[in-house]
Amino acid sequence: MSPPLNPRDLVIAINACGGIEASPRIAVAARRAGGLGVLDLGSGDGRALSALEQAASWSTGPIGVRVPADCAASLAEVERAAKGRIDLVIVADLAGPWSIPELTGRYRVLAEVTSQDEARAAATAGVHGLIARGTEAGGRVGDLSSFVLLQQLVADASLELPIWVAGGIGTHTAVACVVGGATGVVLDSQLALMPESDLPDDVAAVIRRMDGSEAVVVDGFCGIRRGGPHDSTSELLPIGQDGWLAAVFAQRWPDTAAAVRGVRAAIVDAVSRASAARPDGQPTASSLLAPGAPLAQALGTRIPVAQGPMTRVSDVAGFAEAVAADGALPFIALALSNAEQSRRMLTETATRLGDRPWGAGVLGFAPDELRAAQLEVIREIRPKVVIIAGGRASQAKALEREGIAAFLHVPSPGLLRQFLKSGVRRFIFEGSECGGHIGPRASFPLWEAQLSVLDEFLDEQPADVAAEVQVFFAGGIHDARSGAMVAAMAEPLARRGVKVGVLMGTAYLFTEEAVQHGAIKPRFQQIALEATRTALLETAPGHVTRCVHSPFVDDFHALRAELEAAGVDSRQVWEQLEALNVGRLRIASKGKRREGDVLVDVDEETQVNEGMFMAGQVALLRSAATTVADLHREVTVGSGQCYADRVGQLRAAWTPTTVGDEPAQPLDIAIVG
């Protein structure tokens, strides 16, 4: 992957909802600010062509156009309106109205892609670059998040093209993208509330109220309802999970030009300040996940890595011991185990691990009586750490008072504010790329939101409060590149004193030890290795599980469709789907089925056909087995080296240039070295 040779390439700015209003001033302002300004032609009607004519006449240099699949304007009409001032064409769909060969011979052409197959098709068609559009972006999307899609495309040796990332982009995630190998990032929804935006008042009002959970995907199109989230019949606007950033951008920067400069400066600043050591002793991005990092020291582990609790997988003491033996923090998943089962698992783990740190995973939404019994066993056996998924601040604080560190999963910025206010200081930010039960936000929009909330909170606190905060990032993390991206994104927080690490689940399914110790059967690992897609199983709104596609997934969706077609009450639909799921995880991971009070073995064919193979999108990124030690080495030492190599590459590549008829804006921060 070639690094950017021009700082202008770091930010592409496109007006949001081009089909409603073109907003030509956004493209002009972005160009003047040193970015690539692009006008979305929308339907290509007379208003769009008029807006293009205005943008071309106002701009001090060439601009770009985005061509949706349903754009009615011809290339000749667009060229006449632009008066020869187009230098970039973004095609939203290769099957769009304009000829790709004709375009590539005259302009710089970028293709929006939502999958690896689309990226390869675009490369074959001869485009000059790709825009990786994650599922959290507005408009046409695929199954993969921006974070995972970028990783997949950058790792594809057949794609020798620059890549920009769209979906979930703020200052933190922009840095992560460029460190991860992207040439730059795309801003669209983020600019919807800027003074240059011409969106109607009702659309702006809906966007202004967003927190990201309102976005829905309908037939491969991600958007929000113009009439609000409860109006399922109103127009679906192409604003994704990251639409909440529009209000953040509008509050932080006075106009589009300032926003473009601000995002670009965040990237350049991150590269310019990268160094081998800091005089205050705080870790740099290249050492943030290294052995002996602050979170590792706080938890008593060698590395700041946790093996997340996976139901019916991480319930084996031998596997936990293998993870702990290499210095990470393993967790036993109690799931819906009763007191006797929980005591057996935790006692065996405590015996085998001795003084080495380990933890237990609890479901905060489990039945009260069951959860109370599990917590009583935890207080008795006393693992060092507990993770509470779907938990409350009171639950975490009760364990903390007894000397057991408690981490809470936090799926939304509003909940994080509540937890911080109540005194909770240990968190897990897990994006919906993960396996098992997932939240509503993908990693990039979730992480961008949570980092902003933490920054706001710490700004109002004494300086020493930051050292109390501990954060595990999770969802789509599995190797050196993904670790480097997390480190780059979280480094400003770490400089304030916050202790940072990563939590992985799916990545451990690929380890030899997972099979060796019976956490999963060999066939489970093979299915994960062969996975080409994951599936979402929704039993009820807000109750969604991610797993690898398998025959059981087809059975699940068939039953759901049958029940809904029959007009069955939603409560009954949920009950029947939940009943269908019972025991499926055990069949997949352990090759066993419960018959009465006895567990019996099932053959491999039954395991494949009837099991639910819970795994995250990381399954699409790995194609070979590994060991626990090698996995840890990749994510810790490897991520530091990956970060350092990329920073060196960028420093060598960024030089003062002149683009078109306008000198590129000078870098706000010098790059030294």
Next item on the list: Rank by packing, highest mean first: peptides 463-474, 612-623, 105-116, 588-599, with packing defined as the count of other Cβ atoms within 10 Å averaged across residues.
Entry: 612-623, 105-116, 463-474, 588-599
Next item on the list: Loop only per DSSP, at most 16 neighbouring Cβ atoms within 10 Å: give me the GluC sites (Glu not before Pro) in region 190-293, ordered by residue number.
Entry: GLU235
Next item on the list: Using a 1.4 Å probe over the heavy atoms of the protein chains, calculate the carbon and sulfur portion of the accessible area of the chain as a whole percent.
Entry: 50
Next item on the list: Would you tally the net charge around GLN418, using a Cβ to Cβ cut-off of less than 14 Å, leaving GLN418 out, and scoring K and R as +1, D and E as -1?
Entry: +3
Margin query: So, taking all protein chains as they sit and a 1.4 Å probe, how much accessible area belongs to HIS128, in Å² rounded to tens?
Written below: 70
Notebook entry, point to check: Placing +1 at every Lys and Arg Cβ and -1 at every Asp and Glu Cβ, with all other atoms neutral, what dipole size does region 354-502 have around its Cα centre, in debye to the nearest 20?
Noted result: 180
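Any chance you could run the full-extension gain for LYS397 through VAL598? It's 0.36 nm times the residue separation minus the Cα-Cα distance, nm to one decimal.
Values: separation 201, 0.36 × 201 = 72.36 nm, distance 3.82 nm.
The span from LYS397 to VAL598 would gain 68.5 nm if fully extended.
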Item checked: Around TRP447: net Lys/Arg minus Asp/Glu count, Cβ-Cβ under 12 Å -> -4
Item checked: Dimensionless Rg/Rh of region 1-144 - Kirkwood Rh, Rg from C-alpha atoms -> 0.94
Notebook entry, point to check: With the dipole of the chain worked out from charges on the C-beta (+1 for Lys and Arg, -1 for Asp and Glu) around the Cα centre, which of MET504, PRO440, SER589 lies farthest toward the positive end?
Noted result: MET504
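If you average the sequence gap of Cα pairs under 8 Å that are 6 or more apart and divide by the length of region 488-556, what percent do you get for the contact order? Kindly include the intermediate steps, with their values, before the conclusion.
On the way: 40 pairs, mean separation 12.4, N = 69.
Relative contact order here is 18 percent.
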Notebook entry, point to check: Can you give the alpha-carbon Rg of region 383-530 over 2.2 N^0.38 Å, where N counts its residues?
Noted result: 1.12
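Based on DSSP, what percent of beta bridges with both residues in the chain are antiparallel, to the nearest 5? Walk me through the intermediate numbers first.
Details: 22 of 80 bridges.
Restricted to the chain, the bridges split so that about 30 percent are antiparallel.
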Margin query: Could you give each residue of region 294-304 its phi-based ³J(HN,Hα) in whole Hz, using Karplus coefficients 6.51, -1.76, 1.60 with θ = phi - 60°, and x for Gly or Pro?
Written below: x, 5, 4, 4, 5, 8, x, 9, 7, 10, x
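Take every Cα pair under 8 Å in the chain that's 6+ residues apart, average their separations, divide by the length, and report that relative contact order as a whole percent. Could you put the intermediate results ahead of the total?
On the way: 1506 pairs, mean separation 89.2, N = 673.
Once normalised by length, the contact order is 13 percent.
Mind ranking 283-296, 78-91 by how tightly packed they are, going by the mean number of other C-beta atoms within 10 angstrom, highest first?
Numbers: 283-296: 23.4, 78-91: 19.4.
Packing order, densest peptide first, comes out as 283-296, 78-91.
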Margin query: If the only charges are +1 at each Lys and Arg Cβ and -1 at each Asp and Glu Cβ, what is the size of the charge dipole of region 487-600 around the Cα centre, to the nearest 20 debye?
Written below: 540
Next item on the list: Match the structure shown to one of the listed values (i) 25.0, 78; (ii) 31.5, 112; (iii) 27.7, 93 of Rg and Dmax of the Cα atoms in Å, computed from it, and give that label.
Entry: (i)
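If you roll a 1.4 Å probe over the heavy atoms of the protein chains, what accessible area per residue do you get for the chain, in Å²? The partial results should precede the final answer.
Details: 24770 Å² over 673 residues.
Per-residue accessible area for the chain comes out at 37 Å².
Helix-only mean residue ellipticity at 222 nm, the chain, DSSP H runs n ≥ 4 weighted -39,500 (n - 2.57), per residue, nearest 500. What is it?
It lands at -12000 deg cm²/dmol.
By average Cβ neighbour count within 10 Å, what is the ranking of 218-228, 37-47, 449-459 from highest down?
Numbers: 218-228: 16.3, 37-47: 22.2, 449-459: 18.5.
Ranking the peptides 218-228, 37-47, 449-459 by packing returns 37-47, 449-459, 218-228.
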Next item on the list: Any chance you could check the Cα centroid distance between region 19-48 and region 339-372 for me, in angstrom?
Entry: 56
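Counting pairs of alpha carbon atoms under 8 Å apart in space and at least six apart in sequence, what relative contact order in percent does region 1-122 give?
On the way: 233 pairs, mean separation 22.7, N = 122.
The normalised contact order for region 1-122 reaches 19 percent.
The values are calculated or read from the model by the stated rules, or taken from the named source; none is laboratory data. Please read all numbers here as calculations on a predicted model, not as lab measurements. Quick reminder, even Gly has a Cβ in these numbers, built from the backbone with ideal geometry, and neighbours come from all protein chains shown. For the accessible areas, the whole protein counts, side chains as well, though only heavy atoms, and no ligand, DNA or RNA atoms are used. Shrake-Rupley method; radii C 1.70, N 1.55, O 1.52, S 1.80 Å.
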